[in-house]
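I have placed the structure first, in the form of structure tokens, so that the comments after it can refer back to it.
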């Protein structure tokens with residue numbers, strides 16, 4: 001995790017991450033982004049709902065970040081600590097890993113956020129997806145030195 | 001959730017999408033972090049005994065990953081909140097076929113592709129598509145296109161070769 005410099009955190013951020021996560025998960029669930037029906041219809045190009053949700057999220061994210069950057073030149077959060085912008089260099093995995101994830105997203109109908117939200121709804125089959133994702137992440141870590149990046 | 005539950009309308013895209021996008025500036029301004037989920041898989045692996053022998057898992061999880069563990073725990077509880085407090089998702093969350101032994105094996109195998117793929121790409125729909133593009137990363141645009149290409153290719157093969165049906 002050498003991408004960003006991490007400084008020790010402020011205590012009140014801990015409940016905040018949990019609360020913001022609850023909000024994020026609630027929207028994912030209520031928007032049915034975690035449903036196999038919506039995901040399968042998206043990948044078959046039979047229904048625009050998922051594309052519209054993702055598209056509107058991206059447009060809002062871009063615009064609101066432009067505003068935030070313009071209004072807050074210090075690039076620090078409210079506690080005065082730096083906003084940690086992740087570096088995202090282009091590498092082979094962007095394409096190869098991205099395609100592989102897309103295939104997995106189709107078959108499981110869950111990207112990582114929805115895996116957790118599904119478990120929260122009591123959809124116990126999502127434990128099989130999470131178990132697979134953890135095995136996949138472990139295999140990646142193990143094989144990383146041999147993979148193109 | 002029961003695969004036979006009736007399909008009702010979702011929270012409309014023009015409400016859900018902007019709400020999700022706003023998590024980028026809100027999380028950054030309040031806590032200094034960009035929303036992301038798939039690194040949580042790495043954190044879980046990194047706390048396993050012996051994992052530190054692998055370079056990728058050799059870092060201080062509590063220091064670097066605690067925020068994300070809390071965030072994904074929140075996402076889980078968000079699902080619980082909607083399911084048991086806010087009227088549910090209003091749509092089936094799984095297919096009857098998922099409940100068979102073969103179905104579960106398929107979910108597990110697909111999960112491996114999700115875990116491996118998102119770690120190789122270093123991000124998922126939240127980390128790349130929402131956070132990455134919001135911060136104008138070209139790699140994230142390419143990654144997001146690849147997510148959709150991979151998923152729609154899988155859909156095409158499933159439907160044309162294996163006779164899969166769109167639910």
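A Cβ distance below 7 Å, combined with a sequence gap of six or more or placement on separate chains, defines the contacts here; from segment B:68-82, residues that are without any contact (Cβ under 8 Å) to a residue 60 or more places away in the chain and more than 7 Å from chain A (Cβ to nearest Cβ) reach residues that are surrounded by 20 or more Cβ atoms within 10 Å (Cβ to Cβ) and part of a helix (DSSP H, G or I) in the pairs B:68/B:39; B:68/B:40; B:68/B:43; B:69/B:40; B:69/B:43. Considering only segment A:7-35, state which residues are buried (at least 24 other Cβ atoms within 10 Å of the Cβ) and touching a residue at least 12 places away in the same chain (Cβ under 8 Å). If the condition is that a residue be buried (at least 24 other Cβ atoms within 10 Å of the Cβ) and touching a residue at least 12 places away in the same chain (Cβ under 8 Å), then A:24, A:25, A:28, A:29, A:31, A:32, A:33, A:34, A:35 are the ones that fit. Elements of the type helices (runs of 4 or more DSSP H) sitting completely within segment A:5-77 and holding at least 1 residues that are in contact with a strand residue (DSSP E or B) (Cβ under 8 Å, 6 or more places away or on another chain): there are none. Scoring residue B:118 on the criteria (1) assigned to a helix (DSSP H, G or I); (2) surrounded by fewer than 24 Cβ atoms within 10 Å (Cβ to Cβ); (3) within 7 Å of another protein chain (Cβ to nearest Cβ) leaves a single failure, condition (2). Might you check whether a residue that is within 7 Å of another protein chain (Cβ to nearest Cβ), part of a helix (DSSP H, G or I), touching a residue at least 40 places away in the same chain (Cβ under 8 Å) and over 27 Å from residue B:70 (Cβ atoms) occurs anywhere in segment A:95-113? Yes, there is a match, as at least one residue in segment A:95-113 is within 7 Å of another protein chain (Cβ to nearest Cβ), part of a helix (DSSP H, G or I), touching a residue at least 40 places away in the same chain (Cβ under 8 Å) and over 27 Å from residue B:70 (Cβ atoms). Yes or no: segment B:41-64 includes at least one residue that is free of Cβ contacts under 8 Å to residues at least 40 places away in the same chain, out of contact with any strand residue (DSSP E or B) (no Cβ under 6 Å at 6 or more places or on another chain), closer than 14 Å to residue A:114 by Cα and in a helix (DSSP H, G or I). There is no residue in segment B:41-64 that is free of Cβ contacts under 8 Å to residues at least 40 places away in the same chain, out of contact with any strand residue (DSSP E or B) (no Cβ under 6 Å at 6 or more places or on another chain), closer than 14 Å to residue A:114 by Cα and in a helix (DSSP H, G or I). Checking each residue in segment A:78-94 for being more than 19 Å from residue B:130 (Cα to Cα), touching a helix residue (DSSP H, G or I) at 6+ places or on another chain (Cβ under 9 Å) and within 7 Å of another protein chain (Cβ to nearest Cβ) picks out A:78, A:81.
Residue count for segment B:96-113 under the criterion of being crowded, with 19+ Cβ neighbours inside 10 Å and either more than 7 Å from chain A (Cβ to nearest Cβ) or touching a residue at least 12 places away in the same chain (Cβ under 8 Å) (or both): the result is 1.
Each residue in segment A:115-149 was checked for being more than 7 Å from every other protein chain (Cβ to nearest Cβ), assigned to a helix (DSSP H, G or I) and in contact with a helix residue (DSSP H, G or I) (Cβ under 6 Å, 6 or more places away or on another chain), and 2 pass.
Each value in this text was obtained by applying a stated rule to the coordinates, not by laboratory testing. Here the structure is a predicted model, which is why all the values come from computation and not from measurement. Please note: Cβ atoms are built from the backbone with ideal geometry, for glycine as well, and neighbour counts cover all protein chains shown.
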